[in-house]
Amino acid sequence: MQIEINGDRTEVAEAITMAELLEQLELTGKRLAVEVNAELVPRSRFAEHRLAADDRVEIIHAVGGG
Amino acid sequence: MTTATQNPDRLVIAGKEYGSRLLVGTGKYKDMDETARAIEASGAEIVTVAVRRTNLGQNADEPNILDVLPPERYTYLPNTAGCFDVDTAVRTCRLARELLDGHKLVKLEVLGDQQTLFPDVIATLKAAEILVADGFDVMVYTNDDPIVARELEAIGCCAVMPLAAPIGSGLGIRNPLNIRTIVENAKVPVLVDAGVGTASDAAEAMELGCDGVLMNTAIAAAKDPVLMAGAMRKGIEAGREAYLAGRMPAKRFASASSPIEGLFF
């Protein structure tokens, strides 16, 4: 299925979990936060949160800013 | 942090005490090393960070801003820079809270216009209501309007932060009388946020009675950011002490400093 990650359409496995997606992206354990379709997904739910086709995933981190 | 332990004049924001009244941003520096050195020289204890998309695939091992700012030393102040509506500002704060393990202190800014980056005060008021109700400690960027500042305080913001001039402009305090009025009316800390250009601007803000100043470009865009960071620290301290000391009244004509009595001619 296709989902959108940080604005880019990407092919992923059906019903992939957030934890699996982050592992594929080599982001496991990194300091980040995630929302799906503009709703926050807490870290504690990464393992159980399954993605659906056309989900819009945003993975964010902290950068310098004023 | 010698100033933090020796200085009894503390800034209190959302129940936490700080020795430094200079808050700094972490953007626009040449690299992480310069960022860290400038922030060190500023003596700041509260540092703003922005929240942005993670790089995927590329630069995965790039140092992260949080790695050069140890949490035991600095209080993070995630901002909502780049948000032009209530929804994105609120989402950004919730993401920041999750990113920083439940951290409640945020800098709310809802911008109204690309050219001026002036705040959209109507959206700012709405976002502040939502965030305060959601348990955030909201330090809010606003314009230099005392009425809006009063409303933001009434909503429950923990600090009101009027601009001195447009973000990144370095124009200094354009409306000092309004800043003074905001300070006089407020029961929460008032910090000038944005628009200072050099150390005397920071001192002026403090002489007006502000509780602190938040700046980024004035340090980062100086030819020597580390040197300017130190200058800003001193400007803040000088202005604060001058405010506490109470300046002499200005007079139109001279008043001799040496006694008239005992003149021998």
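The values are calculated or read from the model by the stated rules, or taken from the named source; none is laboratory data. Everything quoted here is computed from the prediction, not taken from an experiment. Here Cβ is always computed from backbone atoms with ideal geometry, including for glycine, and neighbour counts include all displayed protein chains.
Tell me which residues, restricted to region B:9-38, are among the β-branched types (Val, Ile, Thr) and within 11 Å of chain A (Cβ to nearest Cβ). Show your work before the answer.
Residues of region B:9-38 that are among the β-branched types (Val, Ile, Thr), as a first pass: B:12-13, B:24, B:26, B:35.
Within region B:9-38, B:Val24, B:Thr26, B:Thr35 meet the criteria.
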* **Residues being buried (at least 17 other Cβ atoms within 10 Å of the Cβ), more than 9 Å from chain B (Cβ to nearest Cβ) and either within 9 Å of the chain's Cα centre (by Cα) or touching a residue at least 60 places away in the same chain (Cβ under 8 Å) (or both) - total across region A:37-66** => 3
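With closer than 30 Å to A:Glu26 by Cα, among the β-branched types (Val, Ile, Thr) and in contact with a helix residue (DSSP H, G or I) (Cβ under 7 Å, 6 or more places away or on another chain) as the only criterion, which of B:Val86, B:Val24, B:Val106 stands out? Don't jump to the end; show me each part of the working.
Details: B:Val86 fails: closer than 30 Å to A:Glu26 by Cα; B:Val24 fails: closer than 30 Å to A:Glu26 by Cα.
Every option except B:Val106 fails the conditions.
Please verify whether A:Glu26 is surrounded by fewer than 13 Cβ atoms within 10 Å (Cβ to Cβ), facing chain B (nearest Cβ under 7 Å), out of contact with any Asp or Glu (no Cβ under 9 Å at 6 or more places or on another chain) and not small (Gly, Ala, Ser), treating the condition exactly as stated.
Working: surrounded by fewer than 13 Cβ atoms within 10 Å (Cβ to Cβ): yes; facing chain B (nearest Cβ under 7 Å): yes; out of contact with any Asp or Glu (no Cβ under 9 Å at 6 or more places or on another chain): yes; not small (Gly, Ala, Ser): yes.
The answer is yes for A:Glu26.
Please return the ranges of helices (runs of 4 or more DSSP H) entirely within region B:149-265 where 3 or more residues are surrounded by fewer than 18 Cβ atoms within 10 Å (Cβ to Cβ). Can you show your working first?
Values: elements: B:176-185, B:199-207, B:217-220, B:225-245.
Filter on region B:149-265 gives B:176-185, B:225-245.
Take the residues in region B:106-148 that are outside any loop (DSSP other than H, G, I, E, B) and of a type in the set (Ser, Thr, Tyr), then tell me which one is farthest from B:Leu214 (Cα to Cα).
First, the residues of region B:106-148 that are outside any loop (DSSP other than H, G, I, E, B): B:106-108, B:111, B:119, B:121-133, B:137-142, B:146-148.
In the following step, the residues that additionally are of a type in the set (Ser, Thr, Tyr) were identified as B:124, B:141-142.
Details: B:Thr124: 18, B:Tyr141: 10, B:Thr142: 13 Å.
Filtering first and then ranking leaves B:Thr124.
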* Asked: Looking at region B:79-127, which of its residues are more than 8 Å from chain A (Cβ to nearest Cβ), touching a residue at least 24 places away in the same chain (Cβ under 8 Å) and polar (S, T, N, Q)?
  -> B:Thr80, B:Thr92, B:Thr116, B:Thr124
* Structure fact -> Considering region A:7-23, residues that are in a loop (DSSP other than H, G, I, E, B) and not charged (D, E, K, R), and then whichever is farthest from the other protein chains (Cβ to nearest Cβ), we arrive at A:Ala15
* Asked: What number of residues within region B:39-68 satisfy the criterion of being more than 11 Å from chain A (Cβ to nearest Cβ) and at pLDDT 95 or above?
  -> 7
* If you check every pair at least six apart or on different chains, which have Cβ atoms under 7 Å apart with a residue in region B:5-26 that is more than 15 Å from B:Arg73 (Cα to Cα) and of a type in the set (A, V, I, L, M, F, W, C) first and a residue that is at pLDDT below 95 and not in a strand (DSSP E or B) second? -> none
* To do: Being among the aliphatic types (A, V, I, L, M) and either touching a strand residue (DSSP E or B) at 6+ places or on another chain (Cβ under 6 Å) or part of a strand (DSSP E or B) (or both) is the filter here, so list the residues in region A:24-46 that pass it.
  => A:Leu32, A:Ala33, A:Val34, A:Val36, A:Leu40, A:Val41
